[in-house]
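Participant: Before I ask anything, here is the structure I am working with.
Here, each number is a calculation from the coordinates, and none is a lab measurement. Source: prediction; values computed, not measured. As a convention, Cβ positions derive from the backbone with ideal geometry for all residues, glycine included, and neighbour counts pool all protein chains shown.
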Amino acid sequence: MTGDIAPRDGGCNCGRIRYRLRREPLTCTICHCHRCQKRSGSAFSMSLVVPVEGVLLLAGEPARTERVTPSGAVNASFDCPACQSRLWSRREGGPTLNLRAGTLDEAAGIRPVAQFWTSSAQAWAVLPEAEVLTYPEQAADPAALRAAWRRLRAGQAAITP
């Protein structure tokens, strides 16, 4: 998987919210935690980690909801108020946001380099550890995720032996 991902447009299911991904993602991950399973209605959620200024809102205004994490940090989700499509989330004050990859109009060719919370994953949905970085809970080092993404974007294996 080589070549640029940005710019690409995306939006919610009903079309009310439209955005443009205008900066290259820093990495791509999937999360198997119970919260993501419930929120997505699926086995996991796939996100592109993007600098905050990397997403330009073209139409509509997403609704913001907040939750306080166990560490006390505020995590905000941005969803379409009409169809409730979850578009992205952001830790309060953080320099990046987690854009839901499935909201892009064209997501073909985007592959995750890491998976989190495999301790709560559906067994059939876990990718082989030889293909992606794998964590039973949350990854502590974003540098490893970004390095794996750079290797994959350069046409190399995301995981180095």
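Participant: Residues with beta-carbon under 14 Å from that of G41, excluding G41: net charge, scoring Lys, Arg +1 and Asp, Glu -1? Intermediate values should be presented prior to the final figure.
Facilitator: Numbers: positive: R35, K38, R39, R86, R100; negative: D79.
Result for the local shell: +4.
Participant: Nearest-5 percent of antiparallel DSSP beta bridges in the chain? Walk me through the numbers on the way to the answer.
Facilitator: On the way: 32 of 37 bridges.
Beta bridges within the chain, antiparallel portion: roughly 85 percent.
Participant: Run the numbers on the chain and let me know its relative contact order in percent, using alpha-carbon pairs under 8 Å that are six or more apart. Intermediate values should be presented prior to the final figure.
Facilitator: Values: 338 pairs, mean separation 41.1, N = 161.
Computed over the chain, the figure is 26 percent.
Participant: For the chain, set up a GNM with springs between Cα atoms under 10 Å and report which of R146, R67, R23 has the largest fluctuation.
Facilitator: Checking each option, the largest mean-square fluctuation is seen for R67.
Participant: Net charge within 12 Å of L152 by Cβ-Cβ distance, Lys/Arg positive one each and Asp/Glu negative one each, not counting L152 itself?
Facilitator: Working: positive: R111, R146, R150, R151, R153; negative: E131.
Combined, the nearby Lys, Arg, Asp and Glu give +4.
Participant: So if I restrict to the alpha-carbon atoms in the range 32-85, what is the Rg, and what is Dmax, the biggest pairwise distance, in Å?
Facilitator: Radius of gyration, then largest Cα-Cα span, for the range 32-85: 12.8, 34 Å.
Participant: Let me ask something else about it. Counting pairwise Cα distances across the chain, what percent come out greater than 28 angstrom? Working shown, then result.
Facilitator: Values: 2227 of 12880 pairs.
So the portion of pairs separated by more than 28 Å is 17 percent.
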